[in-house]
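S.K.: Take this structure first; my questions come after.
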């Protein structure tokens, strides 16, 4: 039931973003566009994310503290989210790594680094009028991508993903990534705008790779044209 709420709230914000980018397409020239619509998306998205993380954290018998915050979430969830990425299927599909600054070797609270979109969400909470121009399209997209990833990685949302029809190419049990060759199942979790290819977050993709499995046409086209940058 809780997962159904979270996914439903995500869907409402994703629909708002979809409506916005129909008028203001997502591209480099528009990344810094701001709007009251984006204020709402950013605030709502981060609020849902906070509730999702809190619910997950409090399921653990090791977590006694109920007054949780972003540094605790970094400690609990940073390792699983930091290196992962999604594909944002806009006019031209692109790879987004919403927790990129959390991709670290240590996940102690003292190693916490601000997520820009989370920082702006806090500033908007404290003074929406003063900070309205900070609510950019770039930050709203990254925040929603972050919530999407958090939902995919939350066990309590799994059945809701099935109900929404987000899981393609596999059964729900195969999206947990608890085995080394998870990417070989070619499983996808796809919402209206975002795709998470299960198990591919640490795999190299070459232009010779062809996705011959279920998935949206824009994601498949992205795979055909993308190549993992050399480190």
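S.K.: Picking from 38, 49, which residue would you name as being touching a strand residue (DSSP E or B) at 6+ places or on another chain (Cβ under 7 Å), in contact (Cβ under 8 Å) with a residue 60 or more places away in the chain and part of a helix (DSSP H, G or I)?
M.R.: Exactly one residue qualifies, and that residue is 38.
S.K.: Sort out which residues of region 1-20 are over 16 Å from the mean Cα position of the chain (by Cα) and under 13 Å from residue 136 (Cβ atoms), and write them in order of number.
M.R.: Answer for region 1-20, where residues must be over 16 Å from the mean Cα position of the chain (by Cα) and under 13 Å from residue 136 (Cβ atoms): just 20.
S.K.: A further question on this structure: Select, from 39, 86, the only residue that is buried (at least 18 other Cβ atoms within 10 Å of the Cβ) and within 16 Å of the chain's Cα centre (by Cα).
M.R.: Values: 39 fails: within 16 Å of the chain's Cα centre (by Cα).
Exactly one residue qualifies, and that residue is 86.
S.K.: Continuing with the same structure: Of all residues in region 108-127, which are part of a loop (DSSP other than H, G, I, E, B), under 20 Å from the mean Cα position of the chain (by Cα) and surrounded by fewer than 17 Cβ atoms within 10 Å (Cβ to Cβ)? Steps first, answer last, please.
M.R.: Our first condition is that a residue be part of a loop (DSSP other than H, G, I, E, B); within region 108-127, this holds for 108, 112-115, 127.
Of the ones still in play, those that are also under 20 Å from the mean Cα position of the chain (by Cα) are 112-115.
Correct list: 113, 114.
S.K.: What number of residues within region 22-35 are surrounded by 14 or more Cβ atoms within 10 Å (Cβ to Cβ) and free of Cβ contacts under 8 Å to residues at least 60 places away in the same chain?
M.R.: Of the residues in that region, 0 qualify.
S.K.: Only one residue in 98, 25 is at pLDDT 95 or above and touching a helix residue (DSSP H, G or I) at 6+ places or on another chain (Cβ under 8 Å). Which one?
M.R.: Working: 25 fails: touching a helix residue (DSSP H, G or I) at 6+ places or on another chain (Cβ under 8 Å).
Checking each option against the conditions leaves just 98.
S.K.: Filter region 184-231 down to the residues that are assigned to a loop (DSSP other than H, G, I, E, B), crowded, with 20+ Cβ neighbours inside 10 Å and touching a residue at least 24 places away in the same chain (Cβ under 8 Å) and list them by number.
M.R.: Kept after step one, since they are assigned to a loop (DSSP other than H, G, I, E, B), are these residues of region 184-231: 186-187, 191-193, 198-216, 226-231.
After this cut, where a residue has to be crowded, with 20+ Cβ neighbours inside 10 Å as well, the list is 187, 191, 193, 198-200, 215.
Within region 184-231, 191, 193, 198, 215 meet the criteria.
S.K.: Ok, one more. In region 69-86, how many are over 18 Å from residue 151 (Cβ atoms) and in a loop (DSSP other than H, G, I, E, B)?
M.R.: Going through region 69-86 one residue at a time, the tally reaches 1.
S.K.: Turning to a different aspect of this structure: Mind listing whichever residues of region 128-152 are buried (at least 24 other Cβ atoms within 10 Å of the Cβ) and in a loop (DSSP other than H, G, I, E, B)?
M.R.: 135
S.K.: (1) in contact with a helix residue (DSSP H, G or I) (Cβ under 9 Å, 6 or more places away or on another chain); (2) surrounded by fewer than 16 Cβ atoms within 10 Å (Cβ to Cβ); (3) over 20 Å from residue 160 (Cα atoms): which one isn't true of residue 2, the others all being true?
M.R.: That leaves (3) as the condition not met.
S.K.: I would also like to ask the following. Does residue 3 qualify as being touching a residue at least 40 places away in the same chain (Cβ under 8 Å) and outside any loop (DSSP other than H, G, I, E, B)?
M.R.: Working: touching a residue at least 40 places away in the same chain (Cβ under 8 Å): yes; outside any loop (DSSP other than H, G, I, E, B): yes.
Yes, satisfied.
S.K.: Listed residues 198, 120, 172; which is at pLDDT 90 or above, farther than 26 Å from residue 70 by Cβ and touching a helix residue (DSSP H, G or I) at 6+ places or on another chain (Cβ under 7 Å)?
M.R.: Numbers: 120 fails: farther than 26 Å from residue 70 by Cβ; 172 fails: at pLDDT 90 or above.
Going through 198, 120, 172 in turn, just one is at pLDDT 90 or above, farther than 26 Å from residue 70 by Cβ and touching a helix residue (DSSP H, G or I) at 6+ places or on another chain (Cβ under 7 Å): 198.
S.K.: Any chance region 130-146 includes a residue that's within 16 Å of the chain's Cα centre (by Cα) and within 20 Å of residue 68 (Cα to Cα)?
M.R.: From region 130-146, those within 16 Å of the chain's Cα centre (by Cα) are 137-146; that's our starting set.
Applying the additional criterion that residues be within 20 Å of residue 68 (Cα to Cα) yields 143, 146.
Yes: one or more hits.
The values are calculated or read from the model by the stated rules, or taken from the named source; none is laboratory data. Predicted model only: the values in this text are computed from it and were never measured. Virtual Cβ from ideal backbone geometry, glycine too; neighbours counted across all protein chains shown.
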